[in-house]
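Here is the structure we will look at, set down as structure tokens.
No lab work stands behind these numbers, since they all come straight from the coordinates. Note that the structure is predicted; figures quoted are calculated from it, not measured. All Cβ positions, even for glycine, are placed from backbone atoms using ideal geometry, and neighbour counts span all protein chains on display.
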Amino acid sequence: MKIVETPLPGVLVLEPQVFGDARGYFLESYNERVMAQIGIPERFVQDNQSFSTCNVLRGLHYQVQKPQGKLVRAMDGEILDVAVDLRKNSGTLGRWCAVRLSGDNKRMMWIPAGFAHGFRVISRSAHVLYKATEFYAPELERTVAWNDPKLGIDWELEGEPTISNKDRNGVAFEDAEKLE
């Protein structure tokens, strides 16, 4: 597995080894021992999958008290995956990074606990799968405004995105609960 560091300490892009031939391909998307060897010893307790169409934007989501680390991949289609640092004692608080994940490039993004996460679908549609280190707790979920000018995230938009009411009502980064 190849590891690519991002500008945010702890957020990593993972490129699995892909074995392809005339039949298709095979890759190991998760191996607990390999993850521990590359510095991701966290235990995953839940898998989530979504299907979205072009220009759907989901995020920026996180949980307080029981923050989730996420290992994200696009199984089919392409997304712009975004992580925002919410760790109050971090030297990169409020900074973000974005990575294109697709069924073609087979990259994954590791987003440790302490970050908000979101993505926008670039392709016609996308199936996204992510592993989480904590169970989903709706009462602990928070949403940062995806379009907060203080964050200045470049979502590479062409027109207005399709978003949920929850995401439409996200709070400004300044008002968001920060994490340890």
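Measuring between their Cα centroids, segment 132-180 and segment 11-64 lie 21 Å from each other. Phi angles across segment 27-33 convert, under the Karplus curve 6.51 cos²θ - 1.76 cosθ + 1.60 with θ = phi - 60°, into 3J(HN,Hα) values of 8, 9, 7, 8, 8, 4, 5 Hz, Gly and Pro given as x. Contact order, relative form, for the chain: 29 percent (alpha carbon pairs under 8 Å, 6 or more residues apart, mean separation divided by residue count). Which entries of Lys106/Lys150; Lys2/Lys178; Lys2/Lys106 have Cα-Cα distances beyond 21 Å here? Lys106/Lys150; Lys2/Lys178, as the Cα separations exceed 21 Å there. Under a model in which nothing but the beta-carbon of Lys, Arg (+1) and Asp, Glu (-1) is charged, segment 2-175 shows a dipole of about 260 debye around its Cα centre.
For segment 2-175, the fraction of C-alpha pairs more than 23 angstrom apart is 38%.
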